[in-house]
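Everything on this sheet refers to the single structure shown next.
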Amino acid sequence: MSSSTPRAQGEAQLETGPDPARLEEADAPIRSLMPEPGRAERLTRAMSMAPNGPLHGLVVGVKDVFHVDGLPTTAGSTLPVDELAGPEAAAVSLLRAAGAVVLGKTVSTEFALVEPGPTRNPRNRAHTPGGSSSGSAAAVAAGHCPLALGSQTIGSVIRPAAFCGVVGYKPSYGRISTAGAIPLAESFDTVGLLASNVFWVERAAVVLCAWWRRAEVNRPPVLGIPDGPYVEQASKEALRVLDGLGATHVPLFEDIETLNAAHRRLLTFEMARHHARWFPRFADHYRPRTSGAIRTGLAVADDDAAQIRTGRANVRARIHEAMDASGVDVWVCPAAAGPAPEGLESTGDPSMQLPWTHAGLPVVTLPWRTAENGLPLGLQLVARFMDDERLLAWAAQLEGSTPQVDYQPGGTQ
C-alpha cells in the first residue's frame, strides 16, 4: 500500500484524472464502461469546460440506470433506448454543477437486478465484481475514476465495493434524490457512491445529500456486532473482519429469514408494477431471471405489499432500540458473505446487506482484510437513520487503521 494518506491520494487524483486517450485500452480487460464512440474527445472537452466548484475536475463514473444528457441509458438491457430515455438524473446534475466530469456510463446488471453484464473484477478477472453496480465498483478499483455513482435496492453498492476492494456508501433512504434513475423498487432504491477512499465519499456527499450538516466526532464509536442468525449467514472467512475490533455482541435479526423473504416480495411487487409499461411489449428482450422476478411480483397481493412497506419502520425502530439499550453507535459486520465468487454467472449473495437496506439505514464498507485467495474482504459499518455525517466521520477514523489490504489490481487473465 502507498504510504500517502487517503486525503493526499484523493487530491492527487483530482489534479491528474484519467488519460482519455488510454482509457479504452485500460478498460478492455475488465469492461467496466459502456461503449461510447468519441469518449476521449468528449472527456477532453468536458474537462476544459467544467465549472469551478467543490468537485472541479473530478472524473465520475455513472451507473447505466441514471440518465445523463448526451448519453444513452440501457439499464443493462436490450430494450430500445428510446423507451428508457428521460431527463438527466438529479444526482448527475448536482455533480456536474459542482465541477465534476462524467467519465461515462458504467455497466449495470439488467435493470439493476441479478442478470450480470460483462464486467470482471479488477482484483482477479476470473471473479465477479458483484452487482448491480458492477461497472462502478470495477472502474474505481481499476483507477479509471476516484468516484462513481451506484444504486442499491438490496446490496448493489456495498457488495460490489467489498468484492472489488473499494469504499462503498449507501446513505440513509431518501437523502439523495433518485429522480432521473430507472426504478427497481421505490421503497428501497437508494443512490450510493463507490470511491477509492472515504475522502471522496465525504466530498461528494456534501454535494448530493439533502440536509447535510458537518459532523465532528471527538471519540471513537462504540461498535456492536449483530449476533444471531443474520451474521451467521457469513462464512467463517468473512467473519475474520470482526477480529480485534473490541465490539459489543448484541442479539439482532432473529427473524432474518422472514425479513429476507418480505424484502424480496416487496421488491418484485414494485418492479412488476414499474415494468408494466414495457414487459407486455418487450418480454422477449428480458433475460430469464429478470422476467422471472417480474412474474413473481405480479403474484404478490397489494395488501401484502402494503403490509411490508409499513413494517419497514418497525424494523428500523427495533434496530434503534437495540442500539439504545446497548450503547452502540455503529454496527459492524461483514460487508458480504465471503469474497467475490469465481465466475461471472452470479453477482454474489446480498444477504449481509439486505436488512440495513430494508430499514433504510446509512452504510459504509471499507476494504479491511484479504481472503485466502487474495481477494478483498470488506467491513460493513451501519449507523442510525440520518446519522450519515457521523458515520462517514467515524469511517474516516477507522480507514486509517485498516489491518490488511495487500491485494493488487490485475489478477488472472
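The values are calculated or read from the model by the stated rules, or taken from the named source; none is laboratory data. Model, not experiment: these values are computed from the prediction. Note: ideal-geometry Cβ built from the backbone for every residue, glycine included; neighbour counts use all protein chains shown. All accessible areas refer to the heavy atoms of the entire protein, side chains included, with ligands and DNA or RNA removed. Shrake-Rupley method; radii C 1.70, N 1.55, O 1.52, S 1.80 Å.
How many of the residues making up the stretch 334-347 are closer than 17 Å to W368 by Cβ and in a loop (DSSP other than H, G, I, E, B)?
6
Look through the stretch 37-72, keep the residues that are acidic (D, E) and within 23 Å of the chain's Cα centre (by Cα), and return whichever of them is most open to solvent (accessible area, probe 1.4 Å). Step through it out loud before you land on a result.
Initially, the stretch 37-72 is screened for residues acidic (D, E), giving 41, 64, 69.
Filter once more, so that each one left must be within 23 Å of the chain's Cα centre (by Cα): 64, 69.
Values: D64: 1, D69: 93 Å².
By that ranking, first place goes to D69.
When you check A234 against the structure, is it buried (at least 18 other Cβ atoms within 10 Å of the Cβ), under 23 Å from I154 (Cα atoms), small (G, A, S) and in contact with a Gly (Cβ under 6 Å, 6 or more places away or on another chain), yes or no?
No, not satisfied.
Return the only residue of A91, A75 being open to solvent by less than 10 Å² (accessible area, probe 1.4 Å), assigned to a loop (DSSP other than H, G, I, E, B), farther than 18 Å from R45 by Cβ and not hydroxyl-bearing (S, T, Y). Before you say what the answer is, go through the steps one by one.
On the way: A91 fails: assigned to a loop (DSSP other than H, G, I, E, B).
Answer to the check: A75.
Return the only residue of G348, G343 being closer than 18 Å to A137 by Cβ, of a type in the set (G, A, S) and in contact with a Lys or Arg (Cβ under 7 Å, 6 or more places away or on another chain). Don't jump to the end; show me each part of the working.
Working: G343 fails: in contact with a Lys or Arg (Cβ under 7 Å, 6 or more places away or on another chain).
Just a single option satisfies the conditions, and that option is G348.
Under 7 Å between Cβ atoms, which residue pairs at least 6 apart in sequence (or on different chains) link something in the stretch 387-400 that is touching a residue at least 60 places away in the same chain (Cβ under 8 Å) and part of a helix (DSSP H, G or I) with a partner that is surrounded by 19 or more Cβ atoms within 10 Å (Cβ to Cβ) and among the basic types (K, R)?
D388/R175
Across the stretch 241-278, what is the number of residues that are under 21 Å from A162 (Cβ atoms) and over 22 Å from the mean Cα position of the chain (by Cα)?
Filtering the stretch 241-278 for residues under 21 Å from A162 (Cβ atoms) gives 241-245, 247, 252-253, 256, 259-260, 263-264, 267.
Next, only the ones that are over 22 Å from the mean Cα position of the chain (by Cα) stay: 243-245, 247, 252-253.
Total satisfying the criteria: 6.
Answer yes if at least one residue in the stretch 352-370 is open to solvent by 10 Å² or more (accessible area, probe 1.4 Å), more than 17 Å from E202 (Cα to Cα) and part of a loop (DSSP other than H, G, I, E, B), and no otherwise.
No: zero hits.
Output the residues belonging to the stretch 24-36 that are within 23 Å of the chain's Cα centre (by Cα) and not in a loop (DSSP other than H, G, I, E, B).
If the condition is that a residue be within 23 Å of the chain's Cα centre (by Cα) and not in a loop (DSSP other than H, G, I, E, B), then A26, D27, L33 are the ones that fit.
What is the number of the single condition among (1) under 22 Å from R159 (Cα atoms); (2) of a type in the set (S, T, N, Q); (3) surrounded by fewer than 19 Cβ atoms within 10 Å (Cβ to Cβ) that T290 does not meet?
The single condition T290 does not satisfy is (3).
Kindly provide the set of residues from the stretch 308-324 that are open to solvent by 50 Å² or more (accessible area, probe 1.4 Å) and farther than 20 Å from D189 by Cβ, ordered by number. Outline the logic, then answer.
Residues of the stretch 308-324 that are open to solvent by 50 Å² or more (accessible area, probe 1.4 Å), as a first pass: 309-310, 312-314, 316, 318, 321, 324.
Hits for the stretch 308-324 are N314, R318, E321, D324.
Looking at the stretch 266-287, which of its residues are among the aliphatic types (A, V, I, L, M) and either buried (at least 17 other Cβ atoms within 10 Å of the Cβ) or on the phi > 0 side of the Ramachandran plot (or both)? Quick ask: steps written out before the conclusion?
Filtering the stretch 266-287 down to residues among the aliphatic types (A, V, I, L, M) leaves 266-267, 271-272, 276, 283.
Result: L266, L267, M271, A272.
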